[in-house]
1. Need one word for region 1-41: rounded, prolate or oblate. Basis is the Cα gyration tensor (sqrt eigenvalues a ≥ b ≥ c); a/c below 1.5 gives rounded, then a/b vs b/c decides.
2. At q = 0.08, 0.11 Å⁻¹, work out log10 I(q)/I(0) for the chain with the Debye formula, treating every Cα as an identical point scatterer and leaving solvent out; two decimals please.
3. Could you tell me, in Å, what Rg and Dmax come out for the Cα atoms of region 1-90?
4. Counting other beta carbons within 10 Å of each residue's own, what order do 215, 137, 58 fall into, fewest first?
5. Under 8 Å for C-alpha pairs, at least 6 residues apart: give me the relative contact order for region 224-266, rounded to a whole percent.
6. Quick check on the exposure proxy: order 181, 152, 210 from fewest to most C-beta atoms within 10 angstrom.
7. What residues from region 93-127 fall in the zone where the backbone N is under 18 Å from a label point 7 Å along the Cα-to-C-beta line of residue 257?
8. What percentages make up the Cα-Cα pair-distance distribution of region 224-266 when the bins are 10 Å wide from 0?
Ligand code: BTN
């Protein structure tokens, strides 16, 4: 086997061949540069692109993150991918898809480093620094999901000094964790395969089947956190996630809360016991 190289394009034909008959990735649109793979996938979905259509770009000029943030997308270094999903679900269940995708991403990253863990709702962290983010965008019709765009960004081969000043100490790549260049082609294949497996499980058995798998990789359970849901602030100790995907928190008075949306800040540092295989 040859060593992985940095700054070479993805072997997209290899990924296409591996996914030829699969539910996710049967059609892959590959670009050198786009504004945002989510925007391209959204346009394709509006033009009736089938479930499982994938958009991958080597760089994004306007990569988007959650809460209006940008996603830094240097060329040929990382993975920027969006997937069109058409789940037969009520619109209210769509946020659970982000957790399903987060689980698949964390499981895949852990094939490269066992130090990856999940931060609710859908970040993957290594030693408290973000290695992967997920942006889910939905179109609904009559209270049902018409389509969901699942946008996944994974920092694979960026070096620490390539992150902008405001992300220093907050973002990390798999390569800077392990010291080894990541084969982006192999990673993309593994991620699509894992995503399909977890998505199928979710559709077959509901979020209750995902919840224990997610909790097993959670870096938040037992941590003291602050949650901002865009208006209200909560503070407390994380008890886990519920079988609908909401975050279970116990506040200082012992009151149990369930939070459906929000941005979480860990007040007392991260657990490190996910270093074990
Ligand atoms: C986050 O803020 O954590 C979500 C980041 C999501 C980034 C990915 S990269 C591929 C896709 N295209 C985008 O513009 N955003 C998502």
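Bear in mind these aren't lab numbers, they're just calculated from the coordinates by the rules spelled out. The structure displayed is predicted, hence computed values, not measured ones. In this analysis, Cβ positions are derived from the backbone assuming ideal geometry, glycine residues included, and neighbour counts consider all displayed protein chains.
1. The shape class here is oblate.
2. -0.31, -0.59
3. 14.0, 46
4. Working: 215 14, 137 17, 58 21.
Neighbour counts put them in this order, fewest first: 215, 137, 58.
5. Normalised by residue count, the contact order of region 224-266 is 39 percent.
6. On the way: 181 16, 152 27, 210 24.
Ordered from fewest to most neighbouring Cβ atoms within 10 Å, 181, 152, 210 come out as 181, 210, 152.
7. It comes to 120-122, nothing else.
8. Result returned by the calculation: 33, 61, 7.
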